[in-house]
Amino acid sequence: MRSGAFFHRLILGSAIFLGMVALSGICSAAAAPAEFVPQWAKSAVWYQIFPDRFRNGDPSNDPTVADIAGADPMAPPKQWRVHPWGSDWYQLQDYEKANGEPELWKHMQRRRYGGDIQGIIDKLDYLQDLGINAIYLNPVFDAPSNHKYDGASYHHIDPNFGPDPKGDRALMAAENPGDPKTWVWTKADELALKMIDEAHKRGIRIIFDGVFNHMGFNSFALQDVRRNKMKSPYLGWFTIKSFDEPSAGVAFDYEGWWGNKSLPELREDANGIVAGPKAYIFAATQRWMNPKGKGTQHGIDGWRLDVAYMVAHPFWKDWRRHVKAINPEAYLTAEIVNTPDVVKPYLQGDEFDGEMQYNFAFTAAEFLFNEGKYRIGAKAFDKKLAELRNLYPPGVAYVNQNLFGSHDTNRIGSYIVNRGLGNFRDWGKWFQMSQPVNNPAFQVRRPNAYELQLQKLFVVLQMTYVGAPMVYYGDEVGMWGANDPDDRKPMIWPDIAYEKERALPDGKLRPEAQVDEVWQDPELHAFYKKMIGIRNAHPALRTGSYKTLLADDADGVFAYERRLGDEVIWVVLNNSDDERTVRLPRSGFDEFEDLLNARTYAGQRPVMEFDIPGRQAAVLRASVIPLNAAAPEIQARK
């Protein structure tokens, strides 16, 4: 999904996961005859990149004011320039003040920071060192907005992401965009292919964001309809309400996504997206998956599909067949924001392989972070996780993207800071509550040490549980931010000087004692790297079976086993503020190595005993498989 003041209407208008895992009778999906998911996706550790905010690798291609025309807010600004990367987030620059607009969202929407494809290439080694082996890129196709969900086309990378914007636009202007035979490869396109190859050299897969429900106001098809009216070959692509008739006082009008005129919806019938745009989407899909016919090893490894639940099933079934014919190992993941009865049909083997599993985030928040009536105990947590695992056919739970933050939610750090405000699961209400312009009670400060420890506890769960973990860019170095647009701050890099965050959303300045410094948190980064390394080193954590060992409401301890062949790993989470003494019957295990805390528990005693401090965890690898392992006993230290 994309940003804008209209976004909350989507959330409020959809039945978003309400009571999702509590529903009965729908949590045991009919088993498919065999797994249909690509096996590599089970071992993926995803990293989500918002391109404009990740890294400016080539300042010469930075956008101009002409390049942002057609994006929200659609009225042209009086003054504009590329925003300083290290500036105070809420502090308006002089050029913004000159526009005289009181609405903060307008300023935030107009900001461009200059992130580009070269910046991603430059940081592939950083991602490889972190342990990342899969990247999900927010849209990179030609579009005027910072989020790129308003695509002008699907077959060209945005020229401002490449080395020659002016030259690329001249090449693109000579095409017939409706005829793939005329399509050229711009320098931005070529740089994207280089990025894919460079990622593959490092063992990193890449998927693109497919935004096939709608295009943008600047799209070649809509602009042709606007010019040529009834004679346009793209007339049937959209739902046109009226054409420009100045003499009659009638303006060009069409159906926009949730009424937003910067996002004209592609027309659908009973079979989904209609023939014209469908053929175009299929051609663009082929282009990026097997570029120039050189082979799928030079193309992207799959797609993430935006608002997939708003496109009819027949389209996705046809499209999946097309994708899998190009590359049977391609991974397809979808944003399906709805109730289980809507989610299930998309994940039966003939549409998508997995989904962005927001409900994993909701459930984790209820156990690890929430307070008061929105908090659940270990037993309820165990039950909800089981219901989620059983919702899908075989293999799907292992390739679902287990996330917390994204470009559509507040960052995990800021959620933890504000964990007493409400319920993340009630996404429509929470979306507005977690926007400081709508809720002055939302705290925009940096997380403290205790709150970072809660984040670490989530990371242990995320990296050891069933599913493919996905890290939102910057979470690993301690970035914080409220909901859209504050979750899209520019990435923190050690070679960039950052101003202190003094300004508040209302324009006032904080007291000096509350000013936040902006810097990478090396301890948090090291923790992410360690936990990712543990996951990557142990197959049982990626593809092993799952079994709950203990769910203790009284002590707040949750323990589970991951097992694959001879490898057995027990994960113990102490979700209380008090230290717990853990007693585990050995039952044939000769030794446990705590992979997280570098400890070894050895000997032939019948019971192994160790302590876990409050809000910490242990990741225990057994050296011998027991024939009959007794259930572990976990009790609080008195």
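One line per residue, one yes/no per condition, for (1) touching a Phe, Trp or Tyr at 6+ places or on another chain (Cβ under 7 Å); (2) more than 24 Å from residue 195 (Cα to Cα); (3) free of Cβ contacts under 8 Å to residues at least 12 places away in the same chain:
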position: 73; (1), (2), (3): no, yes, no
position: 133; (1), (2), (3): no, no, no
position: 149; (1), (2), (3): no, no, no
position: 152; (1), (2), (3): yes, no, no
| request: Could you grab me the full set of residues in the stretch 587-621 that are in contact (Cβ under 8 Å) with a residue 40 or more places away in the chain, assigned to a loop (DSSP other than H, G, I, E, B) and among the small types (Gly, Ala, Ser)? | output: 587, 588, 614
| query | Just wondering, is there one or more residues in the stretch 449-460 that are open to solvent by less than 10 Å² (accessible area, probe 1.4 Å), within 26 Å of residue 547 (Cβ to Cβ) and among the β-branched types (Val, Ile, Thr)? | reply | yes
| message | Among the listed residues 494, 522, 539, identify the single one that is open to solvent by 40 Å² or more (accessible area, probe 1.4 Å), at pLDDT 95 or above and within 16 Å of residue 475 (Cβ to Cβ). | response | 522
| Looking at the stretch 518-531, is at least one residue farther than 30 Å from residue 499 by Cα, touching a helix residue (DSSP H, G or I) at 6+ places or on another chain (Cβ under 9 Å) and assigned to a strand (DSSP E or B)? | no
| query | Can you name every residue in the stretch 171-194 that is closer than 21 Å to residue 114 by Cα and either part of a helix (DSSP H, G or I) or not β-branched (Val, Ile, Thr) (or both)? | reply | 187, 188, 189, 190, 191, 192, 193, 194
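Residue by residue, here is whether (1) closer than 26 Å to residue 206 by Cα; (2) crowded, with 17+ Cβ neighbours inside 10 Å; (3) in contact with a strand residue (DSSP E or B) (Cβ under 6 Å, 6 or more places away or on another chain); (4) of a type in the set (D, E, K, R) holds:
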| residue | (1), (2), (3), (4) |
| --- | --- |
| 242 | no, no, yes, no |
| 269 | no, no, no, yes |
| 280 | yes, yes, no, no |
| 287 | yes, yes, no, yes |
| 296 | yes, no, no, no |
| Quick check: anything in the stretch 364-377 crowded, with 17+ Cβ neighbours inside 10 Å, over 29 Å from residue 560 (Cα atoms) and touching an Asp or Glu at 6+ places or on another chain (Cβ under 8 Å)? | no
| message | So the check is Cβ under 6 Å with 6+ separation or different chains; which pairs have a first residue in the stretch 505-528 that's under 30 Å from residue 596 (Cα atoms) and a second one that's among the β-branched types (Val, Ile, Thr)? | response | 520/477; 520/492; 521/477; 525/477
| request: Could you tell me whether residue 589 is in contact with a Ser or Thr (Cβ under 9 Å, 6 or more places away or on another chain), modelled with pLDDT under 90 and open to solvent by less than 60 Å² (accessible area, probe 1.4 Å)? | output: yes
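Matching residues to (1) open to solvent by less than 20 Å² (accessible area, probe 1.4 Å); (2) in a helix (DSSP H, G or I); (3) of a type in the set (D, E, K, R):
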| position | (1), (2), (3) |
| --- | --- |
| 212 | yes, no, no |
| 227 | no, yes, yes |
| 230 | no, yes, no |
| 236 | no, yes, no |
| 261 | no, no, yes |
| Matching residues, the stretch 129-140, being within 17 Å of residue 207 (Cβ to Cβ) and open to solvent by less than 10 Å² (accessible area, probe 1.4 Å) | 132, 134, 135, 136, 137, 138, 139, 140
| Meets criteria (among the aliphatic types (A, V, I, L, M) and more than 26 Å from residue 401 (Cβ to Cβ)) for residue 171 | yes
| query | Do we have residue 149 as modelled with pLDDT of 95 or more, under 20 Å from the mean Cα position of the chain (by Cα) and assigned to a helix (DSSP H, G or I) here? | reply | no
| field | For residue 440: the one exception among (1) touching a helix residue (DSSP H, G or I) at 6+ places or on another chain (Cβ under 8 Å); (2) assigned to a loop (DSSP other than H, G, I, E, B); (3) under 23 Å from residue 489 (Cα atoms) | value | (1)
| Any hit, the stretch 557-571, residues being of a type outside the set (Gly, Ala, Ser), modelled with pLDDT under 95 and open to solvent by 30 Å² or more (accessible area, probe 1.4 Å) | yes
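The values are calculated or read from the model by the stated rules, or taken from the named source; none is laboratory data. Predicted model, so just to flag it, every value in this text is computed and none were measured. Quick reminder, even Gly has a Cβ in these numbers, built from the backbone with ideal geometry, and neighbours come from all protein chains shown. We work out accessible area using only protein heavy atoms, side chains counted, and drop any ligands, DNA or RNA first. Shrake-Rupley method; radii C 1.70, N 1.55, O 1.52, S 1.80 Å.
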